[in-house]
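Working notes for the structure below.
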Ligand SMILES: Cc1cc2nc3c(=O)[nH]c(=O)nc-3n(C[C@H](O)[C@H](O)[C@H](O)COP(=O)(O)O)c2cc1C
């Protein structure tokens with residue numbers, strides 16, 4: 001399975017790290033310049049550490065990279081975490097970086113595009129942008145943990161969210177603890 005992973009400057013870079021650690025896939029990674037600081041601040045890693053976990057990496061300014069073309073076949077593109085900035089650009093059809101260009105291509109080629117925004121609360125502009133992307137075929141999978149799984153650690157919450165994103169990619173994973181219905185005595 002081939003996955004394009006974009007990391008942008010929203011909070012939640014730990015989600016991307018967990019995806020890179022556990023994905024059963026060939027990951028093609030692009031990290032936005034603005035996410036560098038957030039990665040370091042939140043995880044203690046830097047973007048070079050993240051890049052070592054991917055099969056291929058590209059510079060976000062390289063709009064001529066192979067993943068910018070509709071001829072590059074992949075199973076899904078995930079942008080995780082996805083900033084409101086990147087979300088707005090995709091909703092507006094702006095392709096001024098490799099991440100936004102690859103996302104625009106995913107939409108035009110009708111390939112799976114999964115955005116994992118993290119922001120709260122949400123303005124009408126952000127909500128309208130999410131609706132627009134959904135109508136164009138993208139999937140908004142906001143970073144929202146569940147509590148019915150009784151998470152004990154941040155890692156449990158991260159695994160739930162990353163596992164659900166892997167489900168959306170059609171990727172086998174062991175991160176999601178599947179709901180088996182209410183257990184009764
Ligand atoms: C520590 C930190 C946390 C941030 N968290 C968020 C966030 O959760 N959501 C968001 O949309 N932007 C967040 N931002 C702002 C984005 O990084 C900023 O809008 C940036 O321009 C995004 O650029 P990019 O989309 O090219 O990565 C954060 C910035 C910093 C420094």
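The numbers here are math on the coordinates, done by the rules we state, and not lab data. Computed from a predicted structure; not experimentally measured. Positions of Cβ are backbone-derived with ideal geometry, glycine not excepted, and every protein chain shown enters the neighbour counts.
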Relative to the chain, whose Cα atoms define the longest principal axis, helix 98-108 and its Cα axis are tilted in degrees, nearest 10, by 80
Specify, per residue and in Å³, the volume enclosed by the convex hull of the alpha carbon atoms belonging to the range 20-171. 121
Distance in Å, no decimals, from the C-alpha centre of the range 3-28 to the one of the range 111-172 is 13
What FRET efficiency comes out for residue 56 versus residue 156 if R0 is 22 angstrom and r is the Cβ-Cβ distance? Round to the nearest 0.05. 0.15
Extension reserve of the residue 109-residue 40 stretch, reckoned as 0.36 nm per residue once the Cα distance is removed: 21.4 nm
Computed P(r) (all Cα pairs; the range 1-103; 5 Å bins; percent): 2, 14, 27, 27, 19, 9, 2, 0
For residue 63 and residue 149, calculate 0.36 nm times their separation in residues minus their Cα-Cα distance, and state this gained length in nm to one decimal. 26.9 nm
Could you calculate, for the range 89-174, the ratio of the Cα radius of gyration to the Kirkwood radius, expressed as Rg to Rh? 1.02
With r as the distance between the Cβ atoms of residue 71 and residue 21 and R0 = 35 Å, compute the FRET efficiency 1/(1 + (r/R0)^6) and round to 0.05. 0.70
So, relative contact order of the range 2-145 in percent, Cα under 8 Å, 6 or more apart, is 26
In degrees between 0 and 90, to the nearest 10, how far off the longest principal axis of the chain does helix 124-135 point, with axes built from Cα atoms? 80
Measuring from label point to label point, each 7 Å out along Cα→Cβ, what is the residue 131 to residue 182 span in nm? 3.5
